[in-house]
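Trainee: Okay, handing you the structure first.
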Amino acid sequence: MFTGIDEVDWASLRHAYGSAQDVPRWLRGLASADAAERQTALDGMYGTVHHEGNVYDSTLACVPFLFSLAAREAVPDRGGIVELLVSIGAESGDARAREAVRADGEVFVPLLGDPDPGVRRAAAGAVVRFVDDPARVLGLLRQRIPVERDGRALLALTEAVGLFARRYPARAAAVDLLAAQSAPPHDPGLRLAALGQLALGAPGRLPADLVPTAVRLLRERSARRARVPDRSANDTLVGRLRRLRPSDEEGARLLRTLHTALGDRTGDRITLLTGQLTSPDPVDRGNAVWMAAVLFRGWRARFTGPVALVGSQLGTDEEWLRDAAVSVLSELHGLAAPAADDLHALVASRPDLWTHRWERGAPSVGGALKALARSGDPRAVPVLAQVLAGPVVPGGLGDEIAHLGPAAAPLAPALRHRLGRIPLDSPDAGARAAPLLAALRAIGDVEAAPEVLRLLTGAPDGLGGRDEVVGQAVGTLDALGAATRAAPVLRALLHTRHAAAAAGALWSADGDAPAVLPVLVRELTQGEPGVRRLAARQLARMGPAARAALPELRRAAVSGQAGQRTLAACALWHVGGDPEPVLPVLRAAWSESPGARGPIARCLVAMGPAGAPLRDLVRAELAAPRRHTARAGGHGGRAIADDEALLRTCEEVVSAAPERW
């Protein structure tokens with residue numbers, strides 16, 4: 001297996017973390033008699049020579065030895081080795097790696113009949129990818145399907161046929177085989193797999209009642225799974241944990257394939273999700289919750305029904321399912337409103353869930369309370385008041401309060417009290433103050449000005465995170481219309497890293513353009529990227545009073561990153577009122593950087609008729625089925641909310657536009 005391994009100059013080869021001299025140890029570990037050592041070795045291979053799917057010269061040097069291991073029946077767990085070879089040759093996208101694996105593709109052929117079902121599962125797709133004779137490959141799959149007795153290997157064969165059909169669309173026999181597998185008397189799981197592959201490669205061969213059929217097959221499969229105990233796991237601690245684990249990755253993959261194939265057909269996907277979320281099997285519902293998250297994050301549609309059904313999972317006795325539903329709902333912000341009653345019921349009945357303490361670190365706001373607050377439901381306010389009155393303010397509490405806006409006004413006294421108690425010489429003063437300041441800004445609590453001024457003026461220089469908290473305090477005073485009280489301090493900040501924020505606040509306070517304009521021009525041209533963006537926003541606020549900055553704004557609008565160019569172009573409009581240099585910049589940034597679309601749309605609202613030449617972008621955005629945050633690779637708690645905000649702004653642009661535009 002390892003003939004010649006010591007003749008390779010591994011030390012001169014590289015992997016993700018430098019010299020590949022440790023690779024022979026990982027290769028030999030793959031053949032160990034000890035299961036833990038084999039797993040450690042496989043993890044090492046993925047973590048070094050194939051780190052995050054990358055290919056290095058050491059990766060290519062490993063390929064012959066991996067093939068030798070895969071072909072040796074005495075080596076346990078060879079399915080993982082075959083999967084590694086497939087990943088190196090097919091999923092990395094590296095042409096050298098693809099050819100290296102293809103050169104030994106014949107090794108995969110006998111593995112289709114290997115005694116180890118894990119090897120057979122991995123070999124099915126490998127044969128399609130790396131054996132060049134299409135007629136022979138299809139014949140091999142045809143021969144194997146009738147004699148395969150392992151259910152998971154049979155599903156892998158079906159997926160391999162689907163892959164073949166997509167690679168060789170002219171060979172209708174593969175589609176005929178899938179169509180046959182999608183019909184009785186085949187197993188429900190196999191029929192679901194075949195339907196998914198047909199949807200991906202030959203949608204014209206799908207039954208007209210695809211979604212009802214898929215839901216029925218899913219429930220039939222679940223009923224069979226519930227009746228037949230899993231005997232694959234041995235009587236070890238790991239085996240018992242696997243049997244208890246509420247997961248069904250195979251079922252999740254089957255439905256994920258179908259959802260992927262349906263793509264922009266959100267109506268069908270919602271109907272399919274409805275069937276999944278109303279299944280009597282909690283595992284099916286759990287898979288559906290996570291599939292719903294994918295749909296919510298990536299697509300635009302009326303999700304009232306699915307959101308309400310996700311909310312209905314909050315009353316389950318299955319803790320893992322409840323936690324999954326909470327996690328998904330917390331990303332939805334206002335779209336979680338159909339589940340608000342269920343969220344409130346959970347919050348009201350489970351005070352122990354109001355906060356969550358991780359193994360390390362301070363407590364944070366519990367998921368259900370977070371989701372309720374983010375939805376804008378005022379029923380979160382009394383609960384947040386109780387949490388705020390506790391001995392420790394959970395991390396992020398102020399940020400969640402901010403989602404409630406003016407509805408959170410009853411919390412203002414407690415927020416001010418907490419803000420006033422922050423030790424100014426504490427190293428985490430800035431981190432503790434930031435969410436409270438965000439909440440007070442959202443509420444618009446002018447009475448908080450003394451506490452904010454204390455943060456701005458009271459911390460000793462160089463201590464207690466003063467530098468971090470200053471920017472937050474300046475922005476809050478500005479937002480609250482209380483900057484006048486801090487004018488002397490703000491003037492002293494005009495030569496610090498907070499100059500742009502201080503200049504904007506001073507402009508709000510006394511409108512002294514000669515004092516702030518040179519500062520903002522300096523920050524626009526010399527500051528760090530974030531400072532330049534802030535300076536552009538402040539100049540836009542000044543409007544025509546900032547006309548002396550027009551030359552610098554014109555230069556900024558055609559240089560730098562798309563986000564910076566966008567803000568500079570918007571400032572150009574607010575300051576100069578001339579659409580000619582602005583519109584080309586905004587059009588280019590709209591296509592180049594989806595993340596810039598929110599500011600662009602807001603600028604178009606301000607431009608009114610002058611922005612008419614870009615209305616085609618707005619209308620196309622409103623008609624697009626995909627979220628702009630999904631297209632930009634956005635993710636996390638703000639992605640859906642940011643996309644919904646963009647849609648609202650685009651609607652405002654269109655609704656304000658005269659038909660003659």
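Trainee: Provide the FRET efficiency to the nearest 0.05 for the Asp352-Gln21 pair, computing r from the beta carbons and using R0 = 51 Å.
Mentor: Approximately 0.50, to the nearest 0.05.
Trainee: Looking at the square roots a ≥ b ≥ c of the eigenvalues of the Cα gyration tensor of the chain, which shape do they give, rounded for a/c under 1.5, prolate if a/b is larger than b/c, or oblate?
Mentor: prolate
Trainee: In segment 322-422, what trypsin sites (Lys or Arg not before Pro) fall in a loop by DSSP, with at most 14 other Cβ atoms inside 10 Å?
Mentor: Arg357, Arg360, Arg421
Trainee: Specify the angular offset, from 0 to 90 degrees and rounded to the nearest 10, of the alpha carbon long axis of helix 466-479 from the longest principal axis of the alpha carbons in the chain.
Mentor: On a 0 to 90 degree scale, this one is about 70.
Trainee: Can you compute the modelled spin-label distance between Ala620 and Trp320, with each label point 7 Å from Cα toward Cβ, in nm?
Mentor: Result for the modelled spin labels: 4.5 nm.
Trainee: Helix 639-655: angle to the longest alpha-carbon principal axis of the chain, degrees 0 to 90, nearest 10?
Mentor: Rounded to the nearest ten degrees, it is 60.
Trainee: Mind listing the phi-derived Karplus ³J(HN,Hα) values for segment 493-505, rounded to whole Hz, using 6.51, -1.76 and 1.60 with θ = phi - 60°, and x for any glycine or proline?
Mentor: Couplings: 8, 5, 10, 10, 5, 9, 4, 5, 5, 5, 5, x, 5 Hz.
Trainee: Oh, and also: Report P(r) for segment 512-590: all Cα-Cα distances, bin width 5 Å, range 0 to the bin holding the largest distance, values in whole percent.
Mentor: Going out from 0 Å in 5 Å bins, segment 512-590 shows 3, 20, 33, 25, 14, 4, 1 percent.
Trainee: Something else about it: Take the Cβ-Cβ distance between Gln39 and Ala345 as r, set R0 to 51 Å, and report the resulting FRET efficiency rounded to the nearest 0.05.
Mentor: Using R0 = 51 Å, I get an efficiency of 0.75.
Trainee: While we're on this one: Determine, from the Cβ-Cβ distance of Asp510 and Arg587 and an R0 of 45 Å, the FRET efficiency 1/(1 + (r/R0)^6), rounded to the nearest 0.05.
Mentor: It comes out at approximately 0.75.
Trainee: Next up: 7 Å from Cα along Cα→Cβ at both Ala172 and Asp6: what's the point-to-point distance in nm?
Mentor: Distance between label points: 6.1 nm.
Trainee: Two decimals, Cα atoms only, Kirkwood Rh: what is Rg/Rh over segment 25-97?
Mentor: Rounded to two decimals, Rg over Rh is 0.94.
Trainee: Between Thr484 and Glu528, how many nm apart are label points set 7 Å from Cα along the C-beta direction?
Mentor: Distance between label points: 3.4 nm.
Trainee: A further question on this structure: Taking a ≥ b ≥ c as the square roots of the eigenvalues of the Cα gyration tensor of segment 80-142, is the shape rounded (a/c under 1.5), prolate (a/b larger than b/c) or oblate?
Mentor: Oblate, because a/c is 1.5 or more while a/b does not exceed b/c.
Trainee: On C-alpha positions alone, give me the angle between the axis of helix 282-298 and the longest principal axis of the chain, in degrees, nearest 10.
Mentor: The angle comes out near 50 degrees.
Trainee: Within 10 Å, at most 13 other Cβ atoms, and a DSSP state outside H, G, I, E, B define an exposed site. Report the longest part of the chain free of exposed GluC sites (Glu not before Pro).
Mentor: Answer from the scan: 360-658.
Trainee: Could you run the Debye sum over the Cα atoms of segment 341-381, one equal point scatterer each and no solvent, and tell me log10 of I(q)/I(0) at q = 0.19, 0.23, 0.33 Å⁻¹, two decimals?
Mentor: Reported log10 I(q)/I(0), two decimals: -0.51, -0.69, -1.13.
Trainee: Work out, step by step, the length gained on full extension between Thr274 and Arg102: first 0.36 nm times the residue separation, then minus their alpha carbon distance; give nm to one decimal.
Mentor: 57.6 nm
Trainee: Next question. Quick query: amide H of Gly395 versus all other amide H atoms, modeled in the peptide plane; which residues come in under 5 Å with a sequence gap of 5 or more or a different chain?
Mentor: Ser364, Val365
Trainee: Write down the accessible area per residue of the chain in Å², having rolled a 1.4 Å probe over the full set of protein chains.
Mentor: It amounts to 44 Å² per residue over the chain.
Trainee: Using each residue's phi in segment 392-398, evaluate 6.51 cos²θ - 1.76 cosθ + 1.60 at θ = phi - 60° and report the 3J(HN,Hα) Karplus result to the nearest Hz, with x for Gly and Pro.
Mentor: For segment 392-398, the Karplus-derived couplings read 10, 7, x, x, x, 4, x Hz, x marking Gly and Pro.
Trainee: Report, in debye and to the nearest 20, how large the dipole of the chain comes out about its Cα centre when Lys and Arg carry +1 and Asp and Glu carry -1 on their Cβ.
Mentor: The dipole of the chain has a size of about 1140 debye.
Trainee: Do you know the relative contact order of the chain, to the nearest whole percent, from alpha carbon pairs under 8 angstrom that are 6+ apart?
Mentor: 6 percent.
Trainee: In the chain, what cysteines have no partner Cβ closer than 4.7 Å?
Mentor: If one checks each Cβ against the other cysteines of the chain, Cys62, Cys650 turn up with nothing under 4.7 Å.
Trainee: Tally up the carbon and sulfur contribution to the accessible surface of the chain as a whole percent, 1.4 Å probe, everything protein left in place.
Mentor: Carbon with sulfur: 53 percent of the solvent-accessible area.
The values are calculated or read from the model by the stated rules, or taken from the named source; none is laboratory data. Note that the coordinates shown come from a computational prediction; the quantities given were computed from them, not determined experimentally. Note that each Cβ is placed from the backbone with ideal geometry, even for glycine, and that neighbours are counted across all protein chains shown. The area values use the complete protein model at the heavy-atom level, side chains included, leaving out ligands, DNA and RNA. Shrake-Rupley method; radii C 1.70, N 1.55, O 1.52, S 1.80 Å.
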